[in-house]
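Undergrad: The structure follows.
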């Protein structure tokens, strides 16, 4: 049996944007949904006011069942018909999974999960779309917090993501500004033979000095459809 070519999909907030999920790019003056980002997306914010942080993420989690995967999420699943596909995503939604993607690595955590405050090694709990409240505890007795990577914290699944990048035959970069430092090292780890597509209305040029990149300056739904059709027709 012939081995399938490997595709890695690296996605950011722009992939979810057309499902009406607010992105950091939409924030103004450091505010996100009228919250100061430093107060709700940092360990210091958590130490200062846990209830405010929980309320912020509870609101975001309640939004998830009101939105649906968009055409870009669904088109990416079609690649699994002919390729070995791994999704490496900065998004914390469950839209890739709900669209049918079978292999998803979340770098920044997942809204539908929680863990104890005292250690990132504590058991991760599936909470679905339920709230986390003050007084909800993990198995070790510490307050539950969102299973989210805040600013100043280390991302998850980094080793697995590097392994996927190194083996990739094709890399699709979708809806990300590449403004987080570690992402450039991660994406630059693909081989020189890897075919790279970057789908974003306003793509950054950070990779230009190390890799040859094919730019598709379109929203995710338009750009993904175009490239998926091209890739499926090549096999």
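Read-outs: derived from the displayed coordinates by stated rules, not from any lab. Note that the coordinates shown come from a computational prediction; the quantities given were computed from them, not determined experimentally. Every residue, glycine among them, receives a Cβ derived from its backbone with ideal geometry; neighbour counts consider all protein chains shown.
Undergrad: Let's test the formula: R0 of 45 Å, r as the Cβ-Cβ distance of residue 136 and residue 82. What FRET efficiency results, to the nearest 0.05?
TA: E(calc), rounded to 0.05, equals 0.55.
Undergrad: When DSSP beta bridges are limited to those with both residues in the chain, what percentage is antiparallel, rounded to the nearest 5? Please report the intermediate quantities before stating the final value.
TA: Values: 11 of 34 bridges.
Approximately 30 percent, going by the DSSP bridge assignments.
Undergrad: Can you give the helix-only mean residue ellipticity at 222 nm for the chain, where every DSSP H stretch with n ≥ 4 adds -39500 (n - 2.57) and the sum goes over all residues, rounded to the nearest 500 deg cm²/dmol?
TA: After summing the helix terms and dividing by the residues of the chain, the value is -8500 deg cm²/dmol.
Undergrad: Which residue, 192, 131, 75, has the most motion in a Gaussian network model of the chain that connects Cα atoms within less than 10 Å?
TA: 192
Undergrad: Once the mean 1/r over all distinct Cα pairs of segment 147-196 is inverted, what Kirkwood radius in angstroms do you read off?
TA: On the way: mean 1/r = 0.0835 Å⁻¹.
Hydrodynamic radius (Kirkwood, Cα pairs) of segment 147-196 is 12.0 Å.
Undergrad: Under a 10 Å cutoff between Cα atoms, tell me which one of 86, 199, 134 has the largest fluctuation in the Gaussian network model of the chain.
TA: Largest GNM mean-square fluctuation: 134.
Undergrad: For the pair residue 38 and residue 189, how long in nm is the line joining their label points, each one 7 Å along Cα→Cβ?
TA: 3.2
Undergrad: Once the Cα atoms of helix 220-234 and of the chain are each reduced to a long axis, what angle between those two axes, in degrees from 0 to 90 to the nearest 10, is obtained?
TA: Around 40 degrees separate the two axes.
Undergrad: Sticking with this structure for a sec: Note the angle between two axes, namely the Cα long axis of helix 50-63 and the longest principal axis of the Cα atoms of the chain, as a number of degrees from 0 to 90, rounded to the nearest 10.
TA: 40
Undergrad: May I pose another question? With label points built 7 Å along Cα→Cβ from the Cα atoms of residue 22 and residue 210, find their separation and express it in nm.
TA: 3.3
Undergrad: Given a Förster distance of 22 Å, report the FRET efficiency between residue 118 and residue 62 from their Cβ-Cβ distance, rounded to the nearest 0.05.
TA: The formula returns an efficiency of 0.25 here.
Undergrad: Taking the alpha-carbon centroid of each part, what is the distance from segment 30-101 to segment 160-219 in angstrom?
TA: So the separation of the two Cα centres works out to 21 Å.
Undergrad: How big is the Kirkwood radius of segment 38-128, worked out from every pair of different alpha carbons and given in Å to one decimal? The partial results should precede the final answer.
TA: Numbers: mean 1/r = 0.0673 Å⁻¹.
Roughly 14.8 Å, rounded to one decimal.
Undergrad: Given springs between every Cα pair under 10 Å in a Gaussian network model of the chain, which of 39, 81, 110 has the largest fluctuation?
TA: Residue with maximal mean-square fluctuation among 39, 81, 110: 81.
Undergrad: Sticking with this structure for a sec: Radius of gyration and Dmax for the chain's Cα atoms, expressed in Å?
TA: That works out to 18.1, 57 Å for Rg and Dmax.
Undergrad: Kindly state, to the nearest 0.05, the FRET efficiency for residue 153 paired with residue 50, given R0 = 22 Å and r defined as their beta-carbon distance. Could you put the intermediate results ahead of the total?
TA: On the way: r = 16 Å, r/R0 = 0.72.
Rounded to the nearest 0.05, the efficiency is 0.90.
Undergrad: Can you give me the relative contact order of segment 73-232 as a percent, contacts being Cα pairs under 8 Å and 6 or more apart?
TA: 18
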